[in-house]
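As structure tokens, the structure follows; a few thoughts come after it.
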Amino acid sequence: MAFLLASGFINWIFQDMREATIHSQLGHVQVTRPGYLREGLGDPYQYLLPADTSPVTSIIGQQARTVTPRLAFSGLLSKDEATVSFVGEGISPEQEQPIARAITIVAGKDLTESPPDSVLLGEGLAANLDASPGDRVVLLATTASGGINAVELTVAGLFATITKAYDDTVLRAPIDVTRKLMRVEGATSWVVLLNETSDTDKAVAALRAQLPPSGFEVIPWTDLADFYNKTVELFSRQVGVVQLLIALIVILSISNTLSMTVVERTGEIGTSMALGVRRHEILKLFVTEGILLGIISGVIGVMLGYLLAQVISTIGIPMPPPPGMARGYTGEISISAALAFEAFMLAFFTTLLASLFPAWKASRMNIVDALRHQR
């Protein structure tokens, strides 16, 4: 039960963080020019894709919920006398809306409800600039040809995601405004949101098979989600430690219980041996008891753990903001079939292992000493 609840909580964190990462920043798949992510950040406009995303749409078809272009840019953001640097994303608001499910508008409105000359600021970026919805701000950037260009926009709203560092530096503007600002056409990436996260590998394989590798690089979200990957690695190791500790506790406690059982049944063991029961049959008897104990306790533990998880999830687990995040959250416990099976096998095998020494001890008893113990 302890392993099931602890692992179920970590499992829910993984699922929630995965979907929040996909639906706030990355989508499921991104298509770029080859080398863009490695070498294109300094000069992204040498790696532009066409504005038309139909090559991707024609390949994955109904698997995709949306395919949208993005144009990355950077520069300076000014309001009155204050100026800060920013990293920008030029987006198509309508096409981007399904991907932005995990982006929370904390003040004002989304770009889909605002005029074309609007901009959406990250919560931390707006705080650094002391900007609020309705304020006029100026975006100053270096164009693709090396010149300087500026555009004045109205702050439509402020947004927040699960990553505070992202909110502190990023703004989002309509891609048409961004293209005029940077004096380019096209996009630096095509972002694909699938109907199901489980279809990611299939979609990546299809795109890589049909898009020429000389012109396109297909990148799954897992290759881009560095914070998520490191969090999964850290928590997985912690779960491994918890699993080891629980296994040791089970082995020691069950072994002690079965050893006491052997002592209490010494007379019965001696009588059985005197009647001709062989030592390997005594060993088999106690190992079988251990197996039955493991099966019964494993099933009961999984059932009780699942019921308790449902109760806890209904109530919710209030959690403070983790490192790198600005807001707390209400946690739940998510128990999958694979996790329930893993918990059952943990109970079964540790109980079986714990029964081996008491069973061997019982089978090695001296018949005379065992019978004398009964007296």
When the residues of the range 156-174 are filtered to those that are of a type in the set (A, V, I, L, M, F, W, C) and under 27 Å from residue 329 (Cα atoms), which remaining residue is modelled with the lowest pLDDT?
-> 162
Selection status of residue 188, modelled with pLDDT of 90 or more, open to solvent by 30 Å² or more (accessible area, probe 1.4 Å) and touching a strand residue (DSSP E or B) at 6+ places or on another chain (Cβ under 8 Å) = no
Is it true that some residue in the range 21-43 is surrounded by fewer than 20 Cβ atoms within 10 Å (Cβ to Cβ), without any contact (Cβ under 8 Å) to a residue 60 or more places away in the chain and assigned to a helix (DSSP H, G or I)?
-> yes
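For every residue, the table says whether it meets (1) in contact with a strand residue (DSSP E or B) (Cβ under 6 Å, 6 or more places away or on another chain); (2) in a loop (DSSP other than H, G, I, E, B); (3) open to solvent by 80 Å² or more (accessible area, probe 1.4 Å).
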{"residue": "287", "(1), (2), (3)": "no, no, no"}
{"residue": "298", "(1), (2), (3)": "no, no, no"}
{"residue": "307", "(1), (2), (3)": "no, no, yes"}
{"residue": "310", "(1), (2), (3)": "no, no, yes"}
{"residue": "333", "(1), (2), (3)": "no, yes, no"}
Quick one: how many residues across the range 125-155 are touching a residue at least 24 places away in the same chain (Cβ under 8 Å) and part of a loop (DSSP other than H, G, I, E, B)?
-> 10
For the range 198-242, name all the residues that are more than 29 Å from residue 50 (Cβ to Cβ), in contact with a helix residue (DSSP H, G or I) (Cβ under 6 Å, 6 or more places away or on another chain) and open to solvent by 50 Å² or more (accessible area, probe 1.4 Å).
-> 242
Could you please find all residues in the range 135-179 being under 28 Å from residue 26 (Cβ atoms), open to solvent by 50 Å² or more (accessible area, probe 1.4 Å) and of a type in the set (A, V, I, L, M, F, W, C)?
-> 140, 165
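The values are calculated or read from the model by the stated rules, or taken from the named source; none is laboratory data. Not measured: the values here are computed from a predicted model. Neighbour counts are summed over all protein chains in view; Cβ atoms, including those assigned to glycine, are modelled from backbone coordinates with ideal geometry. Accessible surface is based on the protein model in full, side chains and every heavy atom, while ligands, DNA and RNA are left aside. Shrake-Rupley method; radii C 1.70, N 1.55, O 1.52, S 1.80 Å.
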